[in-house]
Structure formats: structure tokens, C-alpha cells
1. Amide H to amide H under 5 Å from LEU178: which residues, 5+ apart in sequence or cross-chain, H placed 1.01 Å off N in plane?
2. What chymotrypsin sites (Phe, Trp or Tyr not before Pro) in region 124-205 are in a loop by DSSP, with at most 14 other Cβ atoms within 10 Å of the Cβ?
3. Apply the Karplus curve 6.51 cos²θ - 1.76 cosθ + 1.60, θ = phi - 60°, to the phi angles in region 157-171 and return the couplings in whole Hz, x for Gly and Pro.
4. Classify region 226-332 as rounded, prolate or oblate from the Cα gyration tensor: take a ≥ b ≥ c as the square roots of its eigenvalues, call it rounded if a/c is under 1.5, otherwise prolate when a/b beats b/c and oblate if not.
5. Label 7 Å along Cα→Cβ of ALA108; region 152-176 residues with amide nitrogen under 20 Å?
6. What list of ³J(HN,Hα) couplings, whole Hz, do you get for region 177-182 from phi and the Karplus terms 6.51, -1.76, 1.60, once you set θ to phi - 60° and write x for glycine and proline?
7. Just to be sure I understand the model, the point goes 7 Å from the Cα along the line to the Cβ. What's the resulting ASP315 to LYS72 distance in nm?
8. Can you give me the C-alpha center-to-center distance between region 34-67 and region 289-332, rounded to a whole angstrom?
Amino acid sequence: MSAHPRLLALATAVLLATTAVLSSATQVTAAEPTGRGGSNFTWFRLDGCDREPYSTISAFHQAEPEIRSVLKQLYDGGQRRLRIGIFHQRGHAPGGTVMDSAGGNLSAQNRANLSGFLAAIKQAGFLEVEVAFHPIGVNDPHGWKSFSASHYAENRDLIGNLRPLIAAAGIPYTIDLLNEGLPMTSESVLKDYSTRLWADYTARFGKGDTVGFSMTVWIANRVETMASVYGGNLPDVFDVHLYGDDRGNGDEYEQFVAAHQAMAERGYSQGWIIGEVHYADAAAAGKIRRAMADTGRTVFYLTQWPWTRAKRCPDVDVAPPTDFAAYLAEGF
């Protein structure tokens, strides 16, 4: 399969950025993001800490005017790219964020909702969308004690069945095959899952429209598994999540530099999408920009996750994610 047009452009940007860095013998070129970013937009409202009824996908047919209004707010606030999540589990009851994926597909209503939401994103003027798959509960290989062939097949088939809807929306897109699915060296079952899924997906569709598997804390250790998961067929762009903390994981600068160095040692010059980072966080924005300048690693764009460093609720404490000013100030 020929390379996806968006990722051809990304690969060209990586080559140009790398050439610029190598041309200077004394100073690393201060990298600039190559595109304007935005937010992960999977919830349009919170009720206290309850996000479940307010999914931009499963509730789209009931809340389309409100979701379109929020898209306009995000766009008017300077955001130009979004990341959206497909949360799913076999047999899950309807009415919340998590959608039933039994049989490797969503319901007709949820499929129509996904198409409608993507159309609304395009109509609002956004330039690009990343779609990330979030299997939950028994479908989530992060929690498996042993490999589940039936749940694996369901997750794989769901991606294959939704991909035509994503492509038909007519907006440049990339797919994250499993959110934070690049394993650490100690995660043997997850490694088996991701290796199989990469082989199956690329055999059918090629690699041109996917970031493979996004990666989060202890990224440098995860880099060690890339050769096994991807073989000699690595993605053209990586999706990296940076959540700095004071609990031993390092801050955003330290995580960025460690990940960059681990990749550089292996000759992985691909640019990054920073797919998740704390919401409206000036400290994170500044540290990431400094790391870009110090390493020369290309960042294509950044999408904040709607969770502040204060963590006022589990996993998500802001909806809708309208404030992008801290990242705009640093050029993201």
C-alpha cells in the first residue's frame, strides 16, 4: 500500500529537520513544531467527575448541537488538530463512553455517530485528527495474565471495520492501534499483543496511516521493545505521551530527552506527535519546547489531555478542553 499523504509530509519534515540539525557542528537547531495542535476531545461535558454520559461519539446523536458548539470554541481558541478515543468492551451496556464491540464492530448507531462526529470536526475547520483505540476491561491487553485470542480478534476486527469510516470522513487522519500500547521489556503479554496487531494491520493496510502504538512513562525502556514489535517496519511517526511528576518518572523535559536519546542510539529519527500531556500546563509547555531545542527532535504537533496536574478527578477533570493558551504561547 502506498504511504498515506499526511505521513509522507511528516517523513519529509523529519528529513528536513534532521538535515538542519546535522548541518550545524556546534549548536543544535532549535526545533519548532511543524503544525498547530489542540486537544484530546472525547468528552464534551463533566457532571462533577462523571464523564460517562458525555462521550463525543456515543452521545453524538443526542448532543450534536452542543458538540458542534464546543468544536467552534476549540477552533476559535486556536486549536487546529484533535485526538479522539474509541473506548470499547465486549458486551458493555449502552449509554456511556464505553461502546459494545462484540463481534468486532460497533452498533449501527455508534458507527453513524462516529461518522457524524468526524464530519463535524472537518466542517469546523480542523486540519487533522488522530483516532486512538482504548479497549477497556476484558478487552484491554494491559491487564491480561495470558493472551486472549478471542478478545484480540475482536479488537483487531474493530479497527479494521472502523478504518473505512475514518478514511471516508475526508480529513487527514492517523490511527493509534492501542492507546499507550508500546510495551515495556517486562510486559510480555502486551508485547505479544502489539507484535501480532502490528503484523496483521500492516499486512492488510500498510503502515501509512498509523502511529503504531503510543507510548507513555518509562518511554526509554519501551524503545527497547520497538525492534521486536515492529521488526524492520517501524511507523513513520511516533506518538509520545509526556506526564511529568515528582514520583520518580521525571519531568516532561527529562522524559523527552531520555526517549530521544534511546531512539537516537538505535537510529530512530522519526518525528513525534505528542499525543497526551497535562491540560493547560505552562510548565509542561516550556519544558517540552526546551527539550525540542536541546535535542533537535521534530515534533509535528501536540494534543493536551483534559486532565490537569492537580488531578481533581480520576483521569479526566476538564470538559470541554477549551483552554489551549499555555501551549499556544510556546508555539504548539
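1. PHE133, SER214
2. Details: sites: PHE126, PHE133, TRP144, PHE147, TYR152, TYR173, TYR193, TRP198, TYR201, PHE205; in loops: PHE126, TRP144, PHE147.
Hits after loop and neighbour filter: PHE147.
3. Values per residue, Gly and Pro as x: 5, 4, 4, x, 7, 8, 3, x, 5, 5, 5, 5, 5, x, 10 Hz.
4. Values: a/c = 1.82, a/b = 1.69, b/c = 1.08.
Because a/c hits 1.5 or more and a/b exceeds b/c, region 226-332 counts as prolate.
5. Answer for this model: 158, 161-166.
6. Taking θ as phi minus 60°, the curve returns 5, 7, 4, 6, x, 6 Hz for region 177-182.
7. Result for the modelled spin labels: 3.1 nm.
8. With region 34-67 and region 289-332 each reduced to a Cα centre, they are spaced 17 Å.
Every number here is computed from the coordinates shown, using simple stated rules; none is lab data. For clarity, every value in this text was computed on a predicted model and none was experimentally measured. Note that each Cβ is placed from the backbone with ideal geometry, even for glycine, and that neighbours are counted across all protein chains shown.
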